[in-house]
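Below is one structure; the comments refer to it alone.
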Amino acid sequence: GLPAVKDKTSPGFPIYGCVNHRWGQAYTQAVAHFARYGADGIGVVPDEWTFTTGRLKRAYAKHSNPEVAAHYKSLSGHAQCPVCHARFKEQYGVEYPDMAKPWSTSDPVWAKLLEFRYQETTEWMRQTVQAAKKVDPDVVTDTMICVLPVCSDDRIGAGAAWDMVGAKTGLDCLQ
């Protein structure tokens, strides 16, 4: 679930649908928690909520606090997490692209963004698999369902490169 937010001073504000922000941390913690109960398998899936703000905007854009509502209304459809902004700048030496602008394949920043998201999603999945295996080394980690959106190199939503995910995450079963 999403954190309760009273106003901009609430500890749950802001949250971004991003593997590098509290959403990703909460998902990893939940996987480790559920691995404690003897499940045969557990899904590690950066599904349609990864790197998107749709669910958050639907939940908070009509918030009773106008500042909270304004923050979420102002976000583009793609996550703009401050952690990602800092890591992207550090890694590539350029600013994270303005996600409100149209995708432009002629600007090299978009290729960098795609690479960055593949790397960050893969690293998050690796950490999540490790968290589950630390609790129960025998649990099978799996992508479980086919919502892992890896089919197009031009996709600016979530995404991970299958070969990178398979080689670096430690998943037991990559569907």
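The values are calculated or read from the model by the stated rules, or taken from the named source; none is laboratory data. All of these numbers come straight from a predicted model, not from anything done at the bench. Because the Cβ atoms are built from the backbone with ideal geometry, glycine has one as well, and the counts that use them run over all protein chains shown. What goes into the accessible areas is simple: the full protein's heavy atoms, side chains included, and nothing from ligands, DNA or RNA. Shrake-Rupley method; radii C 1.70, N 1.55, O 1.52, S 1.80 Å.
Listing for the model above:
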quantity: Unmet criterion (only one of (1) in contact with a Gly (Cβ under 9 Å, 6 or more places away or on another chain); (2) modelled with pLDDT of 85 or more; (3) under 30 Å from Val135 (Cβ atoms); (4) not aliphatic (A, V, I, L, M)) for Lys57; calculated: (3)
quantity: Test: residue in region 100-120 that is acidic (Asp, Glu), touching a residue at least 24 places away in the same chain (Cβ under 8 Å) and either closer than 21 Å to Ala167 by Cα or open to solvent by less than 10 Å² (accessible area, probe 1.4 Å) (or both); calculated: yes
quantity: Flag for Arg87 being closer than 22 Å to Arg55 by Cβ and either surrounded by 18 or more Cβ atoms within 10 Å (Cβ to Cβ) or of a type outside the set (Gly, Ala, Ser) (or both); calculated: no
quantity: Filter result (farther than 14 Å from Leu2 by Cβ and in a loop (DSSP other than H, G, I, E, B)) within region 56-70; calculated: Ser64, Asn65
quantity: Residue check for Val140: in contact with a strand residue (DSSP E or B) (Cβ under 7 Å, 6 or more places away or on another chain) and at pLDDT 70 or above; calculated: yes
quantity: Residue count, region 143-172 (criterion: modelled with pLDDT of 85 or more and at negative phi); calculated: 5
